[in-house]
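Engineer: Okay, handing you the structure first.
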Amino acid sequence: MKKMELFLALIMAASFVFPVLVLPAEEGDTPQRLNKDAYFLVRQARKALYQKEEQAAYDNFIKAGEVYAEIARRYPDWQADSIATKIEQCRKEADEIGRRIFKIPDGYVEIKRDMTREGNRYDKGRIDEAKVKRTGENQYEVGGNTVTLVEEGPLRGASCSCPDYTYRGRKFGFACRHIWAVVFKENLLK
């Protein structure tokens, strides 16, 4: 009987010092279970692509990427390289599909890494970055002009009320200095 009491006392002490070793994790709380869920979301996305259901494929790739990101956040040491690769693959697939199914509204220039840097607007935007004031959820004021952002799936767009954008930028598809200022202020190229 003494051995049993001693054994139970050791288990109780261990449960306070090492609670993870004594108490089992919930079924849905393990990285293996989350990885399995994300794997099946990717399979569903690929099946939807095969069936030409691009919206469903896009949604499933986004969800799978979120689950993989959750694994990376909660279990950073668990298959870190593999999970990082899977996150990037899901984002890339969703981005490719999203570019096909979503469109930026007319009057907006797309914000992307390879945006046209026409004239000295890019450099002036760097200078104007300090003047950016947020006036609404997707609206900013820069030097008396209003910059409006729009998001459609993975695409981002911007328009400005300044004459440069109204008469030249919109027509030829390049950003004015005010749009560049908001892009720099909000770090939208990442």
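The values are calculated or read from the model by the stated rules, or taken from the named source; none is laboratory data. If you're wondering where the values come from, they're calculated on a predicted model, not measured in any experiment. Note that each Cβ is placed from the backbone with ideal geometry, even for glycine, and that neighbours are counted across all protein chains shown.
Engineer: Looking only at residues in the stretch 37-82 that are assigned to a loop (DSSP other than H, G, I, E, B) and of a type in the set (S, T, N, Q), which one is modelled with the lowest pLDDT?
Structural biologist: Going through the stretch 37-82, the residues assigned to a loop (DSSP other than H, G, I, E, B) turn out to be 51-53, 75-79.
Within this subset, residues satisfying the condition of being of a type in the set (S, T, N, Q) are 51, 79.
On the way: Q51: 93, Q79: 90.
For the stretch 37-82, the residue satisfying everything is Q79.
Engineer: Go through (1) within 19 Å of E186 (Cβ to Cβ); (2) modelled with pLDDT of 90 or more; (3) out of contact with any Phe, Trp or Tyr (no Cβ under 6 Å at 6 or more places or on another chain); (4) not aromatic (F, W, Y) one by one and return the number of the condition V132 breaks.
Structural biologist: Tallying (1) within 19 Å of E186 (Cβ to Cβ); (2) modelled with pLDDT of 90 or more; (3) out of contact with any Phe, Trp or Tyr (no Cβ under 6 Å at 6 or more places or on another chain); (4) not aromatic (F, W, Y), V132 fails exactly one: (3).
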